[in-house]
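Notes to accompany the following structure.
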Amino acid sequence: DGNIPHIFVTLGASGDLAKKKIYPTLWWLFRDNLLPSNTIFFGYARSKLSIEKLRANCDPWMKVKPDEKQRYEEFWKLNYYVDGTYDTRRDFEILNQEMEKHEKGPTANRLFYLALPPPVFNPVTVNIKNTCMCTKGWTRVIIEKPFGRDAESSKALSDHLASLFKEDQIYRIDHYLGKEMVQNLITLRFGNRIFNPTWNRDNIASVLISFKEPFGTQGRGGYFDEFGIIRDVMQNHLLQILCLVAMEKPASIHPDDIRYEKVKVLKCVDPLKLENCVLGQYVGDPEGEGDAKLGYLEDKTVPKDSVTPTYALSVMKIKNERWDGVPFILRCGKALNERKAEVRIQFKDVPGDIFHGKPKRNELVMRVQPGEAVYVKLMTKSPGMSFDMEETELDLSYHSRYHDVKMPDAYERLLLDVFCGMQMHFVSSDELSEAWRIFTPLLHQIEREKVRPIMYKYGSRGPKEADVMSSANDFKYYGSY
Ligand code: BG6
């Protein structure tokens, strides 16, 4: 884009998301010369802040190396800050005037990032629309979950946004779509010949998509308790992965074609039933260290009688020709034994077995984190004299194969995509409404009936009932993942 000015506005610049994610990401993109050369940054929030104060807020998260000090100074010289309320038109007019001072030429573009709590989404977007649209180029708006809390509230938000902006101006972040392995799903599936012929109900027994975190709410209990793990992780991150695993081959890699296929998959999923779920809530481990001693209900920001799940496993079925009958097991939880996010495709048992039941099932595992990897579990003859068999792995671990490639953070990729106008890795309003259709009846039932979650210990693998349900759904445990 040469010298066209780009203005990136962080609304909610004094908040947590801004200092922990947005400013660091902007700095790294700037440091690495990835942004259009004439990009400047505006912060906007209610508090009266100087750039020095804003900078001091962000400093601990910016990871500045000693030899980057000068570049870091240059970054902050390109920063501006305007204070104002979120619902006063006049304040946004001032923001607009301040931005126009930097847009003297014939073209300019603007990006607005809403690092804000949902109650102010509406007034802020109205004010952007009324006062801050770029008249010399494009305007793009980036928003983060929660996109409502059920089908109805999400639709209200989507309708509101659609009344102000075109869909190609709205960038809904699901940061899992910015992760290396999640993006790699499309390449692995459609850039290889060997997977596709077996990628179906005739060969695949079950698919396990998991997200595990070894820590609890960490002071975010207030937010978390209103949403719960299903809204926080399953309805967005895990469901997006399910779409990429299950979708048909898109007509092209154009964002519209990919999003179209994802919506088609979701349309084949019935609303989830409680009987196909296991819900859990962690309790403290008296023998654990530090935070591990504290259960969810001991978080001061969580109501004492909360039944909000911090763990959930759901079994979903996709009713189409490729997947009919194959369980997709989505599992996520906080305060578990490890940090891990992965997709595990488990193939069926070998038909006509001549090895007397010894072969384990093949598995294709895509590990999203930690340590990106793709590996296939195979049976081979034990090397040497014997004719026994053993399980081994065809293993592509990124840290050994690509040790000198810097793996960008998900937000770096996604924010850069917004500059480039690439919507491939963002969520469309159609996907969102299908996702809520699947989860809303279950969420309402849980809340209406105050369904009691099963207690599990901080640092454990979660409720045992979850393993029982996976096993009943054609998933065989060969380890304790
Ligand atoms: C967020 C959730 O979307 O994802 C958090 O709100 C969760 O609860 C986080 O901790 C996990 O992201 P990552 O990238 O650390 O796996």
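Looking at F215, F211 in this structure, which one is surrounded by fewer than 18 Cβ atoms within 10 Å (Cβ to Cβ) and among the aromatic types (F, W, Y)?
Details: F211 fails: surrounded by fewer than 18 Cβ atoms within 10 Å (Cβ to Cβ).
Unique residue meeting the criteria: F215.
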Is there any pair with a first residue in the range 134-149 that is touching a residue at least 24 places away in the same chain (Cβ under 8 Å) and among the aromatic types (F, W, Y) and a second that is open to solvent by less than 20 Å² (accessible area, probe 1.4 Å) and assigned to a strand (DSSP E or B) whose Cβ atoms are under 6 Å apart and which are 6 or more apart or on different chains, and what are they? W138/N109
Would you call K69 modelled with pLDDT of 95 or more, outside any loop (DSSP other than H, G, I, E, B) and under 24 Å from P117 (Cβ atoms)? no
For D291, indicate whether it is more than 19 Å from F328 (Cβ to Cβ) and away from the ligand (no atom under 16 Å from the Cβ). no
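Against the condition within 11 Å of the ligand (Cβ to nearest atom) and closer than 26 Å to E338 by Cβ, how does Q183 come out, does it pass?
On the way: within 11 Å of the ligand (Cβ to nearest atom): no; closer than 26 Å to E338 by Cβ: yes.
No.
Would you be able to say whether some residue in the range 55-62 is of a type in the set (D, E), in a helix (DSSP H, G or I) and in contact with a helix residue (DSSP H, G or I) (Cβ under 6 Å, 6 or more places away or on another chain)? Steps first, answer last, please.
Residues of the range 55-62 of a type in the set (D, E): 59.
When the remaining residues are screened for being in a helix (DSSP H, G or I), the result is 59.
Checking the rest, the ones that are also in contact with a helix residue (DSSP H, G or I) (Cβ under 6 Å, 6 or more places away or on another chain) come to none.
No, there is no match, as no residue in the range 55-62 is of a type in the set (D, E), in a helix (DSSP H, G or I) and in contact with a helix residue (DSSP H, G or I) (Cβ under 6 Å, 6 or more places away or on another chain).
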Go through the range 81-114 residue by residue and tally those that are assigned to a loop (DSSP other than H, G, I, E, B) and aliphatic (A, V, I, L, M). 1
I'd like the full set of residues that are in contact with a Lys or Arg (Cβ under 9 Å, 6 or more places away or on another chain) and open to solvent by 50 Å² or more (accessible area, probe 1.4 Å), limited to the range 414-434. D430, S433
Conditions (1) of a type in the set (K, R); (2) modelled with pLDDT under 95; (3) open to solvent by less than 20 Å² (accessible area, probe 1.4 Å); number of the one not met by K104: (3)
Can you find, within the range 363-421, the residue that is farthest from the ligand (Cβ to nearest atom) among those that are out of contact with any Gly (no Cβ under 6 Å at 6 or more places or on another chain) and among the basic types (K, R)? K381
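Output the helices (runs of 4 or more DSSP H) that fall wholly within the range 190-283 and possess 2 or more residues being away from the ligand (no atom under 16 Å from the Cβ) and either under 25 Å from A151 (Cβ atoms) or not aliphatic (A, V, I, L, M) (or both), or say none. Talk me through it step by step, then tell me what you get.
Values: elements: 221-229, 239-246, 255-267.
Qualifying helices (runs of 4 or more DSSP H): 239-246, 255-267.
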Matching option when the condition is within 16 Å of the ligand (Cβ to nearest atom) and over 30 Å from L29 (Cα atoms), among F439, F347: F439
Quick check on my filter: what residues within the range 174-203 are of a type in the set (D, E) and open to solvent by 20 Å² or more (accessible area, probe 1.4 Å)? E180, D202
Name the residue that is farthest from the ligand (Cβ to nearest atom), counting only residues in the range 324-341 that are charged (D, E, K, R) and either within 16 Å of F195 (Cβ to Cβ) or surrounded by fewer than 18 Cβ atoms within 10 Å (Cβ to Cβ) (or both). D324
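From the list Y411, Y456, which one is more than 26 Å from D168 (Cβ to Cβ) and either open to solvent by 30 Å² or more (accessible area, probe 1.4 Å) or in contact (Cβ under 8 Å) with a residue 40 or more places away in the chain (or both)? Outline the logic, then answer.
Numbers: Y411 fails: more than 26 Å from D168 (Cβ to Cβ).
Checking each option against the conditions leaves just Y456.
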Can you name the residue in the range 141-173 that is open to solvent by 30 Å² or more (accessible area, probe 1.4 Å) and charged (D, E, K, R) and is also modelled with the lowest pLDDT among such residues? K145
For residues in the range 264-273 being in contact (Cβ under 8 Å) with a residue 60 or more places away in the chain and open to solvent by 20 Å² or more (accessible area, probe 1.4 Å), which is farthest from I230 (Cα to Cα)? K267
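For R344, indicate whether it is of a type outside the set (A, V, I, L, M, F, W, C), part of a strand (DSSP E or B) and open to solvent by 40 Å² or more (accessible area, probe 1.4 Å).
On the way: of a type outside the set (A, V, I, L, M, F, W, C): yes; part of a strand (DSSP E or B): yes; open to solvent by 40 Å² or more (accessible area, probe 1.4 Å): no.
No, not satisfied.
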List pairs: first residue in the range 214-234 and within 25 Å of Y481 (Cβ to Cβ), second residue away from the ligand (no atom under 11 Å from the Cβ) and among the polar types (S, T, N, Q) anywhere in the structure, Cβ distance under 9 angstrom, at least six positions apart or on different chains. P214/N337; T217/T301; F224/T301; F224/T308; G228/T308; I229/T308; I230/S314; M234/S314
Go through the range 153-167 and give me each residue that's in contact (Cβ under 8 Å) with a residue 40 or more places away in the chain, in contact with a Phe, Trp or Tyr (Cβ under 9 Å, 6 or more places away or on another chain) and of a type outside the set (S, T, Y). K155, L161
Tell me which residues, restricted to the range 11-35, are open to solvent by less than 30 Å² (accessible area, probe 1.4 Å), over 10 Å from C58 (Cβ atoms) and part of a loop (DSSP other than H, G, I, E, B). G12, G15, L35
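Conditions tested, residue by residue: (1) more than 21 Å from K464 (Cβ to Cβ); (2) among the acidic types (D, E); (3) open to solvent by less than 50 Å² (accessible area, probe 1.4 Å).
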position	(1), (2), (3)
D285	no, yes, yes
P303	yes, no, no
S314	no, no, yes
R322	yes, no, yes
I354	yes, no, no
M366	yes, no, yes
Contact list, first residue from the range 390-405 and closer than 8 Å to L378 by Cα, second anywhere and open to solvent by less than 60 Å² (accessible area, probe 1.4 Å) and among the charged types (D, E, K, R), beta-carbon distance below 9 Å, six or more apart or interchain, is E391/K377; T392/K377; E393/K377; L394/K377
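The values are calculated or read from the model by the stated rules, or taken from the named source; none is laboratory data. Quick caveat: nothing in here was measured; it's all calculated off a predicted structure. No Cβ is skipped: glycine too gets one built from the backbone with ideal geometry, and neighbour counts run over all protein chains shown. The protein model used for the area step is the full one, side chains on, heavy atoms only, and it has no ligands, DNA or RNA in it. Shrake-Rupley method; radii C 1.70, N 1.55, O 1.52, S 1.80 Å.
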